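Have a look at the structure below before the remarks.
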Amino acid sequence: MSVLADLLAEVFREPTLAGVARELATLAAPLWLAALVGLLIGWAWRPRWAAPLVAVPHQPAPQAPALPPPPPQQPAPATADKLTLLPRAKEMALAAPVEDAELAVNTADLKHLRRVVDEKDGGPAWIHMMDRTLPTFRYQAWRRDMENGPPQYRSSTIFEDASPDVVRDFFWDDDFRMKNTWDDMLLQHNTLEECTETGTMVVRWVRKFPFFCSDREYIIGRRIWASGKTYYCVTKSVPRPSVPRSNKPRRVDLYYSSWCIRPVESRNGAMTACEVLLFHHEDMGIPWSIAKLGVQQGMWGCVKRIEPGLRAYQIARAAGEPMSKYAAIAHVNTKFVAEELTASEGNSEASSSSNNTVAEKPKHWAGNLPKVFLIGGAVALACSFDQGLLTKAVIFGTARRFAGPGRR
């Protein structure tokens, strides 16, 4: 404060009013310029860490499903060997035998995903974020904010001239993700556990984050169910204490990303299009207010990379290129009859109300101006400086304190 007081005293010693104004402008101009640049960069920035939240994309519907937290994690198998030594077969009953309950992803996860897809899970209404159409696909996205937990996202893509089988393999194929670089955030992947009876896998991913964050590690359980040509693909974080933690990359403990892939009518009236419904949320360890800003600004740029990757995958398959082991295990899925599963769940969901999708209401800019300046400036500074006057901890700490309970 004494330094500031001395500077102001020097300014007001100027003999003329013009001199005082000139000195004040000289003192304040760099601060205003920095604030303006910070706002502009923070608003226009397209963060790459938003990619995992928009991996895939439903046709406009009068109602949209809500997404509560996924079912409780099932206890992990005692050892990886126990999982990999399960009997070999391609189908298993949905009566949930002991082996199914022990798997990283089981029938309870399927039932949860079906409730989400069928709009019978309850919860807050979805806020419509985006609707974009290109000649070969259409994309829509929604978001909702939970009282306790990270923002949740729902998205829909309709790919023209694409079969559910190929789209299923495309998203399951980790080798092609890295080879084609359509998902250029994926740095490493390896399989930890595999059950060739059910197709259940536990994989480890390391994903690239911006320079001001450490990379992120994911331990993911995943499995596919099939009802006709409709596929329910569940991926979620699973606890594996046997896999050591490290500071870099930082492990993400809360991750849920699941798809419903099904054939739909194309624009020309034939059943040659494929719809992908995605339900996703995760806690990346980034303040949720900043994460929402990043997703909103970076979503479309990330989504546009998926469609060219899918077309390249179709060409490779048509040319007879051999399938990777990940694509091959996507063919090992649990068959079920949708009507029988619905009947087994009883009528407990009959009274559940659906959640109407609502459009986001514009908020008066003046009421949020302080937060816009602070969070926008924090994002911009974090992206612009690796070393400097403000450390990363101060930048994000200030934004987190101001943003309130959005990140605990």
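Laboratory data are not the source of any read-out in this text; all were calculated from the coordinates shown. Small disclaimer: the values here were computed from a predicted structure and weren't measured. Cβ atoms come from the backbone with ideal geometry, glycine included; neighbour counts cover every protein chain shown.
Numbers at a glance
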read-out	value
Projected label distance in nm at Ala318 and Ala28, using a 7 Å step from Cα toward the beta-carbon	6.4
Flagged links, alpha-carbon separation over 20 Å, of Lys179/Lys229; Lys229/Lys304; Lys248/Lys292; Lys111/Lys236; Lys179/Lys236; Lys179/Lys208	Lys179/Lys229; Lys229/Lys304; Lys248/Lys292; Lys179/Lys236
Tensor-based shape of segment 134-180 (alpha-carbon gyration tensor, a/c under 1.5 rounded, otherwise prolate or oblate)	oblate
Spin-label model distance (nm) - Gln188 vs Phe211, 7 Å beyond Cα toward Cβ	2.3
Distant-in-sequence amide H partners of Glu194 (H built 1.01 Å from N, under 5 Å)	Thr84, Val202
Cβ-based charge dipole, segment 154-244, positive-most Cα from Ser214, Ser227, Trp172	Ser214
Integer Hz, Karplus 6.51/-1.76/1.60 couplings in order for segment 253-260, x for Gly and Pro	8, 10, 8, 9, 8, 9, 10, 10
Cα-centre dipole for segment 189-309 with unit charges at Cβ (Lys and Arg positive, Asp and Glu negative), debye to 20	300
Whole-Å semi-axes of segment 166-207's equivalent ellipsoid (Cα gyration tensor)	19, 14, 6
Nonlocal amide H pairs with Glu265, under 5 Å, H built at 1.01 Å	none
Centre separation in Å (Cα based) which lies between segment 120-147 and segment 308-324	29
